[in-house]
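Structure first, then comments.
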Amino acid sequence: MNNEFEPTILAFVCNWCTYTAADLAGTSRMVQQPNLRLVRMMCTGMVDPKYIVKSLLSGADGVLVSGCHPGDCHYINGNYKARRRVKLLNEILPQFGIEKERVKLTWVGASEGNEFAATVNNFINEIRELGPMEACSMAVV
Amino acid sequence: MAKKIGVYVCHCGSNIAGKVDCEGVADFAKGLKDVAVSRDYQFMCSDPGQEMIIKDIREHGLNRVVVASCSPRLHEKTFQQACARAGLNPYLLQHSCIREHCSWITADPEEATAKAKHIVEAAVERVGRHQELFSREVEVLPDVMVVGAGIAGIQASLDIAKSGHTVHLVEKSPSIGGHMAQFDKTFPTLDCAACISTPKMVAVSQEPNINLMTWSEVEDVSGFVGNYTATVLHKPRYINADVCTGCGACLEKCPTKALSEFDEGLGMRKAIYRNSPQAVPNTPVIDGTICKKITKDKCGICQTICPTGAIDYEMKETREVFHVGSIVLATGYDTMDPTPMAEYGFGKYDEVYTALQFERLNNAVGPTEGRIVMKNGKSPESVAIIHCVGSRDVNYHEYCSRTCCMYALKYDHLIKDKVGHNTNVYNFYIDMRCFGKGYEEFFKRVQEEGVTFIRGRPAEIVQENGKLVVVGEDTLLGMNVRVPVDMVVLCTAMEAQKDMAEVARVFGVAQGQDGFFLEEHPKLGPVSTATDGVFLAGACQGPKDIPDAVAHASGGAAQALALAAKGTVSISPTTSWINPDICVGCKVCVGLCPYSAIEFDDRRQIAVINEAMCKGCGSCAGYCPSGAAQIKHFNENQIFDEIDGLLGLLPGLPEIIDETGAQSVQARNVITPGEPA
């Protein structure tokens, strides 16, 4: 069964860095697995943890949050706020039976198309390895 | 009002349709909730494509539009304007990307089509929650700030000043001209660099619309497009520029010496110095770190002999604040220090020079007064020029520095010309890149002058019997070579300035992977940045030769002028909004806001957004424990519905977050039947 498991992954990415990198990866035809879907945010700082929780509860097997490198935030320091929130969320999720590996924060700058494609493919592989989200089906939450 | 959504799926020729079944996606969208019209078309961005949307809005009374095509970073504005032309608020459009994020990166057509359906479904879900928003027009201040006064900054300033707008030109060195002022000749025409740059430098100093500030740096920038406030730090020059006549008497008498930065460490300068006799402004500067009067309160000879009493050892740094509409960054480049490349022996062997040092050797006001001589005063009998030092090298910089091939050819010619035609000149190159106007012709000319070209990057330089031996492989002959020479010139890479990261932070622009400032679009937006009202000029965006830097600078100037000439700019309405009925007045958002755009209303005990200062980053909305703070166009309902669409939740399932476990199971089973329950 696990061999056939194809994860569904949502990514909340900031408009200025990672979304631009995703555009660049596309323009450069860097093939990625089709499991990931992007949600464009203006800044990772506006990613409310409840968007992540909602995604996991609604059927996503993993959530990627990706923004500008530390110090490069278009809005001064939104990415630091995202880092704090994801860190806290990562500590809380296991208490609900959700592996903390399902939520990942990365920095991908606007010119890093190749980095974006690699991040996406690696994360999809990691989640595929991890298997489907059991917590939802066990009605723990 | 009932929602009527129009969905438009673009083929983009074969760019999307080659992978995604666009017709199938449009058919699928027809079945989605509130979709009144769903069409696919070859090029939505074309005039007929836009007309199709406008016609449908008018005929079918559409009140929401979804376009699935390329990235919204390319065409969102196009379709927003099409909506506006049909009388629909542009923010009732959702532009989704099924090209860069779907057709171009997905191998399997079926998977690509499925992904495109999810993306379209998410857009349909989201657009239903969109609200009418209205842009604000704000005034653009007429003045422009140009940072850096190399040839690019000079060109940009002159272009802007000519239009009648005031330019505040900030330069961190004591005089303007940048790297070009260090050069002797310029390729391929062999114009004397000073002869073509000094007229421009003088024009800057004489232009009444240019407020030139040398020995100054921009310390802090705040504000937004049209209304930037920049704090400029004036470093103490210790000389009153208003009184100094530039006679130079002080330069002769000063007893303290240091290595000259302008001469790339080949010559000495005094503690009171100016870079060259043609320096603009010609007021010297005192190096406060070595001047005996300033450090130890001794000497003071310059003050004694200054005929106008311009010396002021008590001068302190000052700060000045400017209000400008836009900023042009022309901060230039550094050349790489080749010391870490131990194999080339820079710093170990006396006769290994960097290209800029060699440039100073050639310069008539350089340390050797323009004679190409070794440290022992003799002319070299043979010279090796090594290309691509630090460029096209995965260990240092992967990019090509674009100028080295051409200045190496210039050196070939200058050596043959100045030292004599019997001098042997060897070029070690990877590829000769002579791409500009007249460049290939110059290459041919130099080849005919009897210069030797060896294809291959040398492995090392060793010293044997008083000669430097360049050891490498001639890859065209397929054999190892050992070439004994008297002098070696390293064509070192152009790289981002050492303090580039700090400068990027001050101006709110990003750096690319190569370290240079990142432009808005590599092809179609090479002078603008992701920060509105901050433009790039010259080599701070990437390696450039002089013609390219000048052209780029004129482009940056034109962008700044476009803003200043119109006098107003429209500001995005996607700011934050705090619902006064929900806010509990916890004040957390006040501290989180990076722009101090949230004030606390003591009377009502709630937080209030100042929309003029809010940039819509969402720091407040991401935290607000009661959900009162929301970013317009990125609010909670819109994102939640987008998530539902992307995850393919069928209509009718609960959307809210606090659902029970049982409902979650139901939702999950519906999406992916067959997975373990």
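Structural remarks
- At R0 = 56 Å, FRET efficiency that the Cβ-Cβ distance of B:ALA84 and B:ILE290 yields, to 0.05: 0.35
- Extension gain, B:LYS162 back to B:ASP297 (0.36 nm per residue minus Cα-Cα distance, nm): 44.0 nm
- Applying 1/(1 + (r/R0)^6) with r as the Cβ-Cβ distance of B:ASP191 and B:ARG604 and R0 = 60 angstrom yields a FRET efficiency of 0.30.
- Mean residue ellipticity, 222 nm, helices only, chain B: the sum of -39500 (n - 2.57) across DSSP H runs of n ≥ 4, divided by residue count and rounded to 500, is -8500 deg cm²/dmol.
- Within chain B, the proportion of C-alpha pairs whose separation exceeds 47 Å stands at 36%.
- Chains A and B together, accessible area buried on both sides, 1.4 angstrom probe, square angstrom: 5200 Å²
- In plain terms, if you count all Cα to Cα distances in region B:5-133 and split them into 10 Å steps from zero, the share in each step is 15, 51, 30, 4 percent.
- For B:ASP601, residues with placed amide H under 5 Å, excluding near neighbours: B:ILE606, B:ALA607, B:VAL608
- Nitroxide proxy distance, nm - points 7 Å out along Cα→Cβ at B:LYS523 and B:ASP220: 4.3 nm
- Cα Rg, Dmax (largest Cα-Cα span) when computed across region B:519-561, Å: 9.4, 26
- Counting Lys and Arg as +1 and Asp and Glu as -1 over every other residue whose Cβ lies under 11 Å from the Cβ of B:CYS291, the net charge comes to +3.
- Once the C-beta distance of B:ALA459 and B:HIS421 is scaled by a Förster radius of 22 Å, the resulting FRET efficiency is 0.15 to the nearest 0.05.
- Total formal charge among the other residues, if their Cβ is under 15 angstrom from that of B:GLY542, Lys/Arg +1 and Asp/Glu -1: -3
- Residues in region A:105-112 carry Karplus couplings, in order, of 10, 9, 10, 10, x, 4, 9, 9 Hz; the curve used is 6.51 cos²θ - 1.76 cosθ + 1.60 with θ = phi - 60°, and Gly or Pro positions show x.
- For region B:448-462, 3J(HN,Hα) per residue [Karplus equation, 6.51 cos²θ - 1.76 cosθ + 1.60, θ = phi - 60°, Hz, x = Gly/Pro]: 6, 7, x, 8, 9, 10, 10, 7, x, 8, x, 7, 6, 10, 10
- The residues of the protein assembly as shown present an accessible area of 41 Å² per residue when probed at 1.4 Å with all protein chains retained.
- Here's how it looks for B:GLU381: its modeled amide H is under 5 Å from those of B:ASP486, which are all 5 or more places away or on a different chain.
- Rounded tilt (10° steps) of A:78-92 against the dominant C-alpha axis of chain A: 10 degrees
- Using a simple spin-label model with pseudo-atoms 7 Å out from Cα toward Cβ, B:THR318 and B:ILE430 lie 4.9 nm apart.
- About its Cα centre, the dipole of region A:9-137 is roughly 360 debye, where the only charges are +1 on Lys and Arg Cβ and -1 on Asp and Glu Cβ.
- The protein assembly as shown shape via C-alpha gyration tensor axes, a/c threshold 1.5: prolate
- Compared with the direct C-alpha span, the chain from B:GLU139 to B:SER570 gains 154.3 nm at full extension, assuming 0.36 nm per residue.
- Three semi-axes of the equivalent ellipsoid, region B:334-495, Cα gyration tensor, whole Å, largest first: 20, 19, 17
- To the nearest ten degrees, helix B:546-566 and the longest principal axis of the Cα atoms of chain B are 50 degrees apart.
- Residue-averaged [θ]222 nm for chain A, counting only DSSP H segments that reach four residues, each worth -39500 (n - 2.57): -12000 deg cm²/dmol
- Here the Karplus curve 6.51 cos²θ - 1.76 cosθ + 1.60, taken at θ = phi - 60°, turns the phi angles of region B:291-303 into couplings of 4, 5, 5, 6, 7, 10, 6, 10, 6, x, 5, 5, 5 Hz, with x standing for Gly and Pro.
- Taking Cα atoms only, the orientation of helix B:109-127 departs from the longest principal axis of chain B by about 70 degrees.
- Label point 7 Å beyond Cα of B:LYS77 along Cβ direction - residues of region B:527-561 with amide nitrogen under 14 Å: B:527-534, B:559-560
- A Stokes-Einstein calculation at 10 °C with viscosity 1.306 mPa s, built on the Kirkwood radius of region B:16-57 over Cα pairs, returns a diffusion coefficient of 142 µm²/s.
- Dimensionless Rg ratio for region B:572-632, taking C-alpha atoms and the 2.2 N^0.38 Å reference: 0.96
- Inter-label distance, nm, simple model (7 Å from Cα along the C-beta direction), B:ALA107/B:LYS348: 4.7 nm
- A cut-off of 5 Å between modelled amide H atoms, ignoring neighbours fewer than 5 places along the same chain, links B:VAL66 with B:GLY6, B:VAL7, B:TYR8, B:GLN94.
- B:GLU495 - accessible surface, heavy atoms, 1.4 Å probe, Å² rounded to 10: 30 Å²
- Protein-protein interface of region A:93-126, residues with accessible area decrease of at least 50 Å², isolated chain reference, 1.4 Å probe: A:SER111
- Square roots of five times the Cα gyration tensor eigenvalues for region B:224-325, Å: 28, 16, 14
- Global geometry of region A:9-137, whether rounded, prolate or oblate, following the gyration tensor of its Cα atoms and the 1.5 cut on a/c: oblate
The values are calculated or read from the model by the stated rules, or taken from the named source; none is laboratory data. For clarity, every value in this text was computed on a predicted model and none was experimentally measured. All Cβ positions, even for glycine, are placed from backbone atoms using ideal geometry, and neighbour counts span all protein chains on display. Side chains are part of the model used for accessible areas, which takes the heavy atoms of the whole protein and leaves out ligands, DNA and RNA. Shrake-Rupley method; radii C 1.70, N 1.55, O 1.52, S 1.80 Å.
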